[in-house]
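Since the structure comes first, as structure tokens, the remarks are kept for the end.
The values are calculated or read from the model by the stated rules, or taken from the named source; none is laboratory data. Remember, it's a predicted structure, so these values are computed and weren't measured experimentally. We place every Cβ from the backbone using ideal geometry, glycine too, and count neighbours over all the protein chains shown.
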């Protein structure tokens, strides 16, 4: 599960491969944005069928949700998000766990603040 930009939790269905329309719906991002991100983020390379259709994996969707979070929630530019993703690759799994915990805590606090403000 991952967050989307409206504060709700996004569940990724239990499937092996996803079409671009499925990913677009899960991540609430237009297909043209996904295709653009593929050209910008070397880590994002969905498999293509013989007919040229994209097949995304769960790992691809998790990366897309992370990119979306970096761009739309954390305010990074494309270049900044690329650097952050590269930096994350270099960090240890312990550091990744800490970063994820802080992000989840931050999201949880935002949700609580939203509830208190309503």
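A compact table of results
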| item | result |
| --- | --- |
| Selection from region 27-40 of residues that are out of contact with any strand residue (DSSP E or B) (no Cβ under 9 Å at 6 or more places or on another chain) and assigned to a loop (DSSP other than H, G, I, E, B) | 29, 30 |
| Condition check for residue 100: assigned to a helix (DSSP H, G or I), free of Cβ contacts under 8 Å to residues at least 12 places away in the same chain and either in contact with a strand residue (DSSP E or B) (Cβ under 9 Å, 6 or more places away or on another chain) or closer than 24 Å to residue 14 by Cα (or both) | yes |
| Failed item, numbered, when residue 99 is tested on (1) surrounded by 10 or more Cβ atoms within 10 Å (Cβ to Cβ); (2) modelled with pLDDT under 85; (3) more than 29 Å from residue 39 (Cβ to Cβ) | (3) |
| Set 57, 28: member being in contact (Cβ under 8 Å) with a residue 12 or more places away in the chain, under 14 Å from the mean Cα position of the chain (by Cα) and on the phi > 0 side of the Ramachandran plot | 28 |
| Number of the exception - residue 49 against (1) in contact with a helix residue (DSSP H, G or I) (Cβ under 6 Å, 6 or more places away or on another chain); (2) within 27 Å of residue 16 (Cα to Cα) | (1) |
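Residue by residue, here is whether (1) without any contact (Cβ under 8 Å) to a residue 40 or more places away in the chain; (2) surrounded by 12 or more Cβ atoms within 10 Å (Cβ to Cβ); (3) part of a helix (DSSP H, G or I); (4) touching a strand residue (DSSP E or B) at 6+ places or on another chain (Cβ under 8 Å) holds:
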site	(1), (2), (3), (4)
42	yes, no, no, no
63	yes, yes, yes, no
72	no, yes, yes, no
80	yes, yes, yes, no
